[in-house]
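I have placed the structure first, in the form of structure tokens, so that the comments after it can refer back to it.
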Amino acid sequence: MGFRGRTRRRQTWVALLVLLTTTASSALATTPAQKRQIARSEYEQAERMREALNGRPEKERTRVAYGRVIEAFKKVYRTSPTSTKADASVVAVAELLAEEGRKYLDEKLLKESIAQYEFLRKEYPGSKFRVDAL
């Protein structure tokens with residue numbers, strides 16, 4: 001194997017090690033309270049992303065842009081399902097999926113939106129958003 005092959009393989013292993021280390025440390029080194037704080041910060045970031053998306057003319061809103069904002073909101077309730085922002089994040093995902101589904105006439109996205117509302121009703125029955133989810 002040549003020099004380039006060894007260097008490329010070494011770079012791959014280093015990248016993998018860094019990824020595993022950061023993922024493991026964030027998953028193991030955080031308490032529930034820390035996870036809730038992280039979720040609040042992620043929610044604020046997702047809201048800024050949503051504002052930026054909504055600030056664009058509708059014609060300039062791409063599927064990729066919608067996907068990034070949706071994933072940012074999903075990260076909130078995946079990080080801390082008990083966060084005070086978890087249910088609001090589920091609603092934001094549902095709304096964004098519905099908006100994207102209408103924009104692109106995509107029935108699959110509209111069904112995913114409905115599934116998010118059902119998820120909200122099942123996982124967060126005490127949510128102030130539960131009535132709207134119906």
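The values are calculated or read from the model by the stated rules, or taken from the named source; none is laboratory data. Since this is a predicted model, take the numbers as computed values, not measurements. Cβ sites come from the backbone with ideal geometry, for glycine too, and all protein chains shown count toward neighbours. Just the protein is used for accessible areas: all its heavy atoms, side chains included, with ligands, DNA and RNA removed. Shrake-Rupley method; radii C 1.70, N 1.55, O 1.52, S 1.80 Å.
Cβ-Cβ distance of residue 31 and residue 104, R₀ of 30 Å, FRET efficiency by 1/(1 + (r/R0)^6): the value works out to about 0.15. Atom-type composition of the exposed protein surface of region 45-134 places 52 percent of the accessible area on carbon and sulfur (1.4 angstrom probe).
So what's the net charge close to residue 76: Lys and Arg +1, Asp and Glu -1, counting the other residues with Cβ under 11 Å from its Cβ? For residues surrounding residue 76, the net value is +2.
Ranked from highest to lowest mean number of other Cβ atoms within 10 Å per residue, what is the order of the peptides 91-98, 65-72? Display every interim value, and only then the final one.
Details: 91-98: 21.8, 65-72: 17.8.
Ranked by mean Cβ neighbours within 10 Å, highest first: 91-98, 65-72.
Accessible area ranking (1.4 Å probe, heavy atoms, ligands and nucleic acids excluded), largest first, for 74, 59, 108, 103: 59, 108, 103, 74. Working from label points 7 Å from Cα in the Cα-to-Cβ sense, the residue 129 to residue 68 distance is 2.2 nm.
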